[in-house]
Amino acid sequence: MSILSKPNRGRLLDVDRNPILHGILKKTFYEQFCAGENKAESIRTIKELKEMGFRGVMMTFAKETVFDHSTGSQQGLGVAALEGEKAGEHLPLSVTQCANIEAWRQGTLETVDQLSEGDCLATKLTGAGPKVTQAFTAGDLPPQQMIDALHEISRKCKERKVRILVDAESHHFLSGILRVTLDLMREYNRDGYAVVYNTYQAYLKETPATLARHLAAAQQEGFTLGLKLVRGAYIASDERALIHDTKQYTDNAYDTIAQGALKQEIGDFGTKTPFPSVNLFLASHNKASLIAAHQLHKQRLDTGLPTVPVGFGQLHGMSDEVSFSLLALKDSNGDPEVYKCSTWGTVGECLAYLLRRATENRDAVLRTADEYDALKMEFKRRFKAAFSLSGEDRSI
Ligand SMILES: Cc1cc2nc3c(=O)[nH]c(=O)nc-3n(C[C@H](O)[C@H](O)[C@H](O)COP(=O)(O)OP(=O)(O)OC[C@H]3O[C@@H](n4cnc5c(N)ncnc54)[C@H](O)[C@@H]3O)c2cc1C
């Protein structure tokens, strides 16, 4: 997977041009984790997921750029696209309006078209190519063309009642991503709920300080902070010193923020300073974190204590046992709200995403024991039901 995601790998190793490689990858990794190579395939997958009881989907258009801190290189759209942009430099300005940003805009709008009320658009801003990643590297706002595209997408999402979860990506690009997303929140999160969310990576030592700044902005300027919380997926490529030294520290950081938001107490916010309006989205496969958060949320609602709206999300193809355990706790109000997050795009466009899923499954191996036990129990239940003479629970 790592070799296949490298740029300029020739026709033989190009998954979108070599039909044998394409077929193998599609039937193995791709179909496990991704929604479809085109709109029709993707819509079919969304329908199937909703029929299973999920509140909705979080759908991503796959194009992105990953920065490898150890080699200083970029993988994904960035490199090949840069050549494309250079090739277009001699063209008149109207034509050189960045083709990558335009492709990202169109792909993202096509993604929104697949979604309906309550669904989420999950988006990777680096998918818009080198002009955008160069700005993010400098911590700057992206070119005006990208800002215009982001406003068009935000307006369309707000109209369709679709939320926008902006992904956290390589640390190299993060300050720019956080900055432009916060600006969108200022504009679109004004009606007491969040249309736009930033993603906060609990594994980064700097996240509590970042979050404090954003809570302060929301409190002072009167908008709702969209807080999507993850542990962080770039441990293999980001500078290690920026990340907590142990998994336990990351776990503690995750639970502290999640539970703090639900109790409306994070740092000085909620004690010395009023707690701003916050909408929380917990994206994780860690059952202990999610069940604890759900129980705290429910307990606070039942006892009339203040809390914040919360949604839960897992990736398509991973941790179904966690998703279905949460769904099994659903009450008459529809809580907890559980979402599956999927990605669409050609096999080649999804490679960076698939590579991260492969890395992540090293952690997931630790969880497979729980999934294996759950499968064994279900097998026994069905086996007994099939042979039961009493005809008790025959449902399979
Ligand atoms: C719906 C959804 C959306 C997501 N969106 C994003 C996103 O926008 N940006 C993003 O970066 N990630 C995203 N992720 C991935 C996420 O960050 C995690 O990588 C992944 O979910 C695994 O963490 P976990 O919470 O499921 O739990 P676990 O499996 O319990 O934790 C694994 C995680 O712990 C951390 N960790 C592992 N070992 C160490 C160590 N030695 N020291 C410090 N920390 C360690 C890493 O973050 C690792 O991924 C998303 C995940 C989901 C489910």
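Observations
- Residues in segment 103-127 that are more than 16 Å from the ligand (Cβ to nearest atom), of a type in the set (A, V, I, L, M) and open to solvent by less than 10 Å² (accessible area, probe 1.4 Å): 1 in all.
- Inter-residue pairs, beta-carbon under 6 Å, first surrounded by 13 or more Cβ atoms within 10 Å (Cβ to Cβ) and in segment 20-39, second of a type in the set (F, W, Y), 6+ apart: A35/W344; G36/W344
- Any hit, segment 217-230, residues being within 23 Å of R357 (Cβ to Cβ), aromatic (F, W, Y) and either more than 6 Å from the ligand (Cβ to nearest atom) or in contact with a Cys (Cβ under 7 Å, 6 or more places away or on another chain) (or both): no
The rows are residues; the columns are (1) touching a helix residue (DSSP H, G or I) at 6+ places or on another chain (Cβ under 7 Å); (2) free of Cβ contacts under 8 Å to residues at least 60 places away in the same chain; (3) within 30 Å of N8 (Cβ to Cβ).
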| site | (1), (2), (3) |
| --- | --- |
| K298 | no, yes, no |
| G304 | no, yes, no |
| Q314 | yes, yes, no |
| S342 | yes, no, yes |
| L351 | no, no, yes |
| K380 | no, yes, no |
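- Within segment 154-178, the set of residues being more than 23 Å from A233 (Cβ to Cβ) and either in contact with a Ser or Thr (Cβ under 7 Å, 6 or more places away or on another chain) or part of a helix (DSSP H, G or I) (or both) comprises S154, R155, K156, C157, K158, E159, R160.
- L174, sole failed condition from (1) free of Cβ contacts under 8 Å to residues at least 40 places away in the same chain; (2) open to solvent by 30 Å² or more (accessible area, probe 1.4 Å): (2)
- Residue list for segment 185-203, filter: among the small types (G, A, S) and over 19 Å from the mean Cα position of the chain (by Cα): G192
- Residue ID - most open to solvent (accessible area, probe 1.4 Å), chosen from residues in segment 304-343 that are in a loop (DSSP other than H, G, I, E, B) and within 10 Å of the ligand (Cβ to nearest atom): H316
- Scanning segment 237-251 for residues that are within 6 Å of the ligand (Cβ to nearest atom), surrounded by 12 or more Cβ atoms within 10 Å (Cβ to Cβ) and either of a type outside the set (A, V, I, L, M, F, W, C) or farther than 21 Å from L355 by Cβ (or both) returns H244, K247, T250.
- Candidates are the residues of segment 271-303 that are among the charged types (D, E, K, R) and away from the ligand (no atom under 13 Å from the Cβ); the one that is most open to solvent (accessible area, probe 1.4 Å) is K272.
- Residue within segment 232-250 that is in contact (Cβ under 8 Å) with a residue 60 or more places away in the chain and hydroxyl-bearing (S, T, Y) present: yes
- Those residues of segment 117-139 which are touching a residue at least 60 places away in the same chain (Cβ under 8 Å) and either closer than 12 Å to I164 by Cβ or not in a helix (DSSP H, G or I) (or both), in sequence order: G118, D119, C120, L121, A122, T123, K124, G129
- Selected residue (only one of E206, E221 is open to solvent by 10 Å² or more (accessible area, probe 1.4 Å) and out of contact with any Leu (no Cβ under 9 Å at 6 or more places or on another chain)): E221
- Wholly within segment 185-303, helices (runs of 4 or more DSSP H) carrying at least 1 residues that are within 30 Å of E371 (Cα to Cα): 247-263, 287-302
- Complete set of residues in segment 344-355 that are open to solvent by 30 Å² or more (accessible area, probe 1.4 Å) and part of a helix (DSSP H, G or I): L355
- From the list A241, A202, the lone residue that is out of contact with any Lys or Arg (no Cβ under 6 Å at 6 or more places or on another chain), small (G, A, S) and at pLDDT 95 or above is A241.
- Filter result for A258 (open to solvent by less than 30 Å² (accessible area, probe 1.4 Å), within 16 Å of the ligand (Cβ to nearest atom), touching a residue at least 40 places away in the same chain (Cβ under 8 Å) and closer than 30 Å to Y353 by Cα): no
- Whichever residue in segment 160-216 is under 16 Å from F281 (Cβ atoms) and among the charged types (D, E, K, R) and, among such residues, is farthest from the ligand (Cβ to nearest atom): K161
The values are calculated or read from the model by the stated rules, or taken from the named source; none is laboratory data. Computed from a predicted structure; not experimentally measured. Neighbour counts run over all protein chains shown; Cβ positions are idealised from the backbone, glycine included. Only protein heavy atoms, including side chains, enter the accessible area calculation; ligands, DNA and RNA are left aside. Shrake-Rupley method; radii C 1.70, N 1.55, O 1.52, S 1.80 Å.
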